[in-house]
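We did not get these values from a lab; they are worked out from the coordinates using the rules stated. These figures come from a predicted structure and were not determined experimentally. Cβ atoms come from the backbone with ideal geometry, glycine included; neighbour counts cover every protein chain shown.
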Amino acid sequence: MRRAMAVRVVGPMQWMVWPALIAVAGTVILATPAHLFGLSLPEPILPLALAFAWPLIRPSVLAPLMLLALGLFLDVFWFAPLGLWPLSLLAVYGVVLAGRSLLAGQDTRMLFAWYAGCTILAFILAYMIVSLMAGNAPSLLALFWQVLPTLALFPVAGWMIERFDDGDVRFR
Amino acid sequence: MAFRDGPFDNLKAPLTWVSAGVVVVAMIVAVVLLIANGRDVESGEYGAARAGADAVAAPVGGVLAAPVRWAGQASDYVRGYFFAVSENRRLRAELAELEPWRDQAIALKNVNARYEAMLGLRVEPPVEMVTARSVSESRGPFVNARLIDVGQAAGVRVGNPVINEHGLVGRVVGATGGVSRVLLITDVSSRVPILVDRTDARAMLSGDGSGNPRLEYVRGEDSLREGDRILTSGDGGGIPRGLPVGVAARGIDGTWRVKLFTDRGAVDYVRVLLFQDFAQLADPEALNAPPLAAADTAPPPDAQTAARIADQEARRRARDEEEVRRVAEAEAQRRREAAEQAAARTAAAAQPAPEEVQE
């Protein structure tokens, strides 16, 4: 006789709200004006890892709204044009959501390739918006120094996908 | 019934579509926000959302920045203790080099003050300043801004230039009660009118998110060389003239760039110049005063003195008129006499000489 399968439900608090709050806290901490040996702290786009991981974990109505809120927080906190980072984060979310069936079950290298592609997409979008609004193209070298630490966030996204992907068997 | 055959299986596809719909709606919201608000640093308007977020972020940033500052001070203390001898030697050499400059500066200041007095120049009065701590910063390619812990309560207004001990840092683009947002000169939307100290050539310092902003609109041959000192020009009236900015250098892309003086150390303490434009500094009464410096040393005359001055002036005028009349009469007399003498000479020439008649 088949035993009843226990449905293990991981709620949005675990895979969405807490990571979002950690991303906010991390952004605030990394904005500390600390200079060591002439170098300052890196400034990655922490919510980009969430924008990549969330649609792979499961499709959700709340996640795009959370990304909108996170993006607005980045814009207000960093004094960026209002709407810049929500648009970039949601573009990444949308692309990964569309390619969800292609990405399901892929190994880490393929996931990283997609993550790198999504990061570059987000930064190209932000670069174009800022160039249009300021009438001045930002430095590519400065862009590189923000893309690099953002790419380094892939282990966080990978860990989240691994941890929460099977958290709810309804979405296997 | 197996679980996969259950009703949840039908939930997957609709949920993906609903999620995609929410993404589209949220993206439309973001685009509308971008078009409606964006980040207009020129208008001087600072939204309530940004002001509120700054007011919350500043104390948090202040708490996080405090240990960093203490660690910096501690490392400075330790370094000062261990490197006291070498630093002493370096400072002595620097002092010996700077002493002639100091004497020259005093002499030039003296001469300059005399010229100003002689020419009656209206020099700008000293600008008031408030000191602030930097509590949070954004450094990416798209934004270069800082939060500082003074605001409208200390007299800070949008547009105030911000400097530190090395040079120009940026200008205030948003101010609330106790917090202000400073747009750094490296920000992609920052433009600062500058001059080259050596040639007085003008250009525009244009930030691009990197540590070394570009120099644009550089005109003329040999107007700029590597190592030239760059100062603010004060054109446009937003920033006072003569604030040190940096040194000109060629970038790796061949464009002219500026190595900023503010890169010499951490920008943790800054000073906000309570300067908005030149009109704010000018006193309208002083503008209506006579141009010569000495002209306003005497008080205006009272009625009695004015009457006396008028009387003296009338007497002088009468005297002058009398003098003119006398000179004219004397001239007329002289002409009359000259005419009479000429007539007498003509008459004498017409009569024959007595000796000729006798012969």
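Computed values, structure above
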| read-out | value |
| --- | --- |
| C-alpha long axis of helix B:84-119 to longest principal axis of chain B, angle in ° | 40 degrees |
| Per-residue HN-Hα couplings for the range A:109-114 [Karplus 6.51, -1.76, 1.60; θ = phi - 60°; Hz; x = Gly/Pro] | 5, 5, 4, 5, 4, 5 |
| Average beta carbon contacts from partner chains per residue of B:66-76, 10 Å cutoff | 2 |
| Peptide B:52-64 - average C-beta neighbours from other chains (10 Å radius) | 3 |
| Peptide ranges B:213-222, B:98-107 listed from the most packed, as the mean C-beta count within 10 angstrom indicates | B:213-222, B:98-107 |
| Prolate/oblate/rounded label for the range B:192-254 (Cα gyration tensor, a/c 1.5) | oblate |
| For the protein assembly as shown, radius of gyration divided by Kirkwood radius, i.e. Rg to Rh on alpha-carbons | 1.33 |
| Segments B:331-337, A:121-127 sorted - mean Cβ within 10 Å per residue, highest first | A:121-127, B:331-337 |
